[in-house]
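Structure first, then comments.
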Amino acid sequence: MIEVRHISKSFDGEQVLNDISVSFEQGKTNLIIGKSGSGKTVLLKCIIGLHEVDQGEIYYSGNNFTAMNIMDKKKVRQKFGMLFQGGALFDSLTVEENVRFKLDMFTGMTTREKQERVDFCLKRVNLENKNDLYPAELSGGMKKRVAIARAIVLNPRYLFCDEPNSGLDPQTAILIDKLIIEITEEFNMTTIVNTHDINSVMEMGDKVVYIDKGKKWWEGSNLDILNTDNEELNNFLFANKMVRQLKNINDSRQ
Amino acid sequence: MIILQHIGRYSLLIKRAFARPEKHKMYYFRLIREMEALGINSVGIVAIISFFMGAVITIQTAYNTENPLLPTYLIGLAARDSILLEFSSTIVALILAGKVGSRIASEIGTMRVTEQIDALEIMGINSASYLILPKIVAFMILAPFLSVLSMVVGIFGGWIAGVSAGVVSTADYVYGIRFAFIPYYIVYSLIKSVIFAFLIATISAYHGYYTSGGALEVGRSSTLAVVHSSVFILLFNLILTQLLLS
């Protein structure tokens with residue numbers, strides 16, 4: 001479980017996050033949603049410690065991450081898996097080397113054990129026989145899947161995904177969403193996904209937190225979201241004409 | 001104030017780069033890769049430039065010492081001292097600042113803007129140490145070898161050019177090369193090459209590591225890396241010459 005307590009963050013005097021408190025539950029897919037520039041990426045980067053917060057605390061399984069020294073933070077981070085927006089695969093390494101990287105760095109496994117683990121993770125994301133390809137030779141969806149395989153290779157307790165569907169076609173985006181849901185349940189992780197994709201919200205939002213102008217405006221599940229009367233959230237989610245019509249049909253049925 | 005900020009950030013980055021590695025074996029593999037990328041791959045350019053510079057130094061010296069009172073073996077002596085004292089360390093370092101410096105800055109800069117450095121940090125890896133330390137060590141190990149290569153090829157180029165142009169005989173050139181030879185000049189040159197290698201690797205890594213933005217900023221960091229490395233090479237050339245030769 002991850003708890004965020006009253007965190008604030010500003011850059012050059014501009015307040016980007018303002019007194020945000022929220023908790024993300026284990027074994028569930030937690031979504032942070034909001035418009036571009038709403039502060040959701042800054043919030044995610046504060047949670048994982050890439051940005052220092054100005055105020056407030058972040059707790060991982062009850063331990064205050066913000067108060068930890070560098071060495072303790074490194075130990076916690078070894079339990080992280082992260083899926084970046086562009087994949088952030090290491091260009092100079094092959095698919096196999098990218099996935100094996102954490103095993104080489106943090107374990108004393110034998111070459112055979114590592115190979116088995118890498119093969120398992122690549123199979124899990126449906127990417128077999130691509131071991132020797134370089135990131136430049138992969139499609140956007142394949143890069144995301146390799147990044148997921150790299151993220152889960154050490155059985156992380158926490159998975160963070162920054163806009164996992166950006167740049168993907170709707171079908172591939174749904175595949176990635178399903179994969180995130182499946183591995184969250186399989187590894188019983190606390191997963192936080194940053195997105196502004198309505199499909200993802202409906203597909204995997206066990207818990208949804210809506211951020212705008214650096215403040216938390218709403219939280220609930222993807223089922224609650226259809227019936228919310230929060231105007232800001234409705235304007236954000238149902239900006240698309242077709243989706244708005246579907247919501248109207250849903251409202252009239254009720 | 002901005003200069004002080006840069007000095008402070010540079011010092012902190014170097015301190016982080018020299019922190020204890022997470023896993024020595026991984027750093028060893030990276031060191032070997034960097035030795036190939038930064039050192040072995042520079043052999044060609046160093047050899048070509050040294051050959052032609054040695055040739056030009058010899059011919060220019062010959063045409064500027066046409067006085068019959070000056071013995072022709074001085075051509076070999078002047079070429080030797082020019083190559084040993086300045087060319088093989090300083091000029092080669094300036095050339096490598098362009099080749100190696102831009103490579104380091106653009107590689108690390110691209111990793112920064114594509115979030116690969118963030119990915120390393122999230123994994124609990126000291127990205128500064130993992131990315132920069134092997135480059136510094138690899139380049140400092142190989143720079144003296146490149147310098148020695150430059151000396152040998154430069155003197156050889158001078159001999160070929162001098163004899164081909166008919167400005168000096170082989171016997172006079174070789175006599176000049178051996179005349180009043182001071183072995184310390186080689187040590188002086190090698191010390192300079194090691195320090196210049198450190199400057200190129202760290203300044204370029206600094207510019208790459210603190211790149212923010214996109215492709216345009218990576219190019220800008222790369223240019224700044226070459227410019228600043230070159231300026232510091234010239235500054236330290238002056239300081240080291242005063243310290244080591246006075």
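Give me a single rounded figure for A:198-207: the average over its residues of other chain Cβ atoms within 10 Å of their Cβ.
0
May I ask you to sort A:Val208, A:Val4, B:Val152 by Cβ crowding, counting other Cβ atoms within 10 Å and putting the fewest first?
Result, fewest neighbours first: B:Val152, A:Val4, A:Val208.
How big is the equivalent ellipsoid of segment B:129-193 along its three axes, where each semi-axis is √(5λ) from the Cα gyration tensor, reported in whole Å from largest to smallest?
So the equivalent ellipsoid measures 34, 14, 5 Å along its semi-axes.
To one decimal place, what orientation-averaged projected area in nm² is obtained for the convex hull of the Cα set of chain A?
About 14.7 nm², averaged over all directions.
Counting other C-beta atoms within 10 Å, and keeping those with at most 16, which DSSP coil chymotrypsin sites (Phe, Trp or Tyr not before Pro) do you find in segment B:123-179?
Listed in order of number, the matching sites are B:Phe179.
For segment A:204-219, what does the Karplus curve 6.51 cos²θ - 1.76 cosθ + 1.60, with θ = phi - 60°, yield as ³J(HN,Hα) per residue in whole Hz, taken in order and with x for Gly and Pro?
9, x, 4, 9, 10, 10, 9, 10, 8, 6, x, 10, 7, 9, 7, 8
Relative to the longest principal axis of chain A, what angle (0 to 90°, nearest 10) does the C-alpha long axis of helix A:111-124 take?
30
With everything on Cα atoms, drop me the angle between helix A:140-152 and the longest principal axis of chain A, reported from 0 to 90° to the nearest 10.
Tilt relative to chain A: about 70 degrees.
Anything in chain B that counts as a DSSP H helix reaching 20 Å or more along its axis (C-alpha) with Kyte-Doolittle mean of at least 1.0? List them, would you?
Sorted by number, the helices that extend far enough and score high enough are B:43-64, B:127-165, B:184-209, B:215-245.
How high is the relative contact order of chain B? Use alpha-carbon pairs under 8 Å, at least six apart in sequence, and give a whole percent.
34
If one computes the Cα centroid of segment A:162-177 and of segment B:94-116, what distance in Å separates the two points?
Distance between centres, Cα-based: 32 Å.
What relative contact order, as a whole-number percentage, does chain A give when Cα pairs under 8 Å and 6 or more residues apart are counted?
Once divided by the residue count of chain A, the mean separation gives 27 percent.
Gain in length, A:Ser92 to A:Ile249, computed as 0.36 nm per residue apart minus the alpha-carbon separation, to one decimal in nm?
Full extension from A:Ser92 to A:Ile249 adds 51.4 nm.
Running Debye on segment A:91-155 with equal point scatterers at the Cα sites and no solvent, what base-10 log of I(q)/I(0) appears at q = 0.14, 0.15, 0.23, 0.25 Å⁻¹?
-0.33, -0.38, -0.90, -1.06
Magnitude of the Cβ-charge dipole of chain B, K/R +1 and D/E -1, about the Cα centre, nearest 20 debye?
580
Once amide H atoms are placed 1.01 Å from N in the peptide plane, what residues at a sequence separation of 5 or more from A:Asn194, or on another chain, have their amide H within under 5 Å of its amide H?
Sorted by chain and number, the residues that satisfy this are A:Ile32, A:Cys161, A:Asp162, A:Glu163.
Summing -39500 (n - 2.57) over the DSSP H runs of n ≥ 4 in chain A and dividing by its residue number, what mean residue ellipticity at 222 nm do you reach, to the nearest 500 deg cm²/dmol?
Mean residue ellipticity at 222 nm (helix-derived): -12000 deg cm²/dmol.
Between helix A:241-253 and chain A, what is the angle of the helix's C-alpha long axis to the longest principal axis, kept within 0 to 90° and rounded to the nearest 10?
60
Two decimals is fine: what's Rg over Rh for segment A:67-205, C-alpha atoms, Kirkwood radius as Rh?
When Rh is taken as the Kirkwood radius, the ratio is 0.96.
Please work out the ratio of the alpha-carbon Rg of chain B to 2.2 N^0.38 Å and round it to two decimals.
Here the Cα radius of gyration is 1.16 times the empirical estimate.
How large is the Kirkwood hydrodynamic radius of the protein assembly as shown, counting all unique pairs of alpha carbons, in Å?
26.1
Quick check on my link table: of A:Lys79/A:Lys144; A:Lys45/A:Lys207; A:Lys40/A:Lys130; A:Lys74/A:Lys143, which ones sit more than 30 Å apart, alpha carbon to alpha carbon?
From the list (A:Lys79/A:Lys144; A:Lys45/A:Lys207; A:Lys40/A:Lys130; A:Lys74/A:Lys143), the Cα-Cα distance tops 30 Å for A:Lys40/A:Lys130.
Bear in mind that the values in this text are calculations on the coordinates, not laboratory data. Treat the numbers as computed from the prediction; the structure is a model and nothing was measured. Positions of Cβ are backbone-derived with ideal geometry, glycine not excepted, and every protein chain shown enters the neighbour counts.
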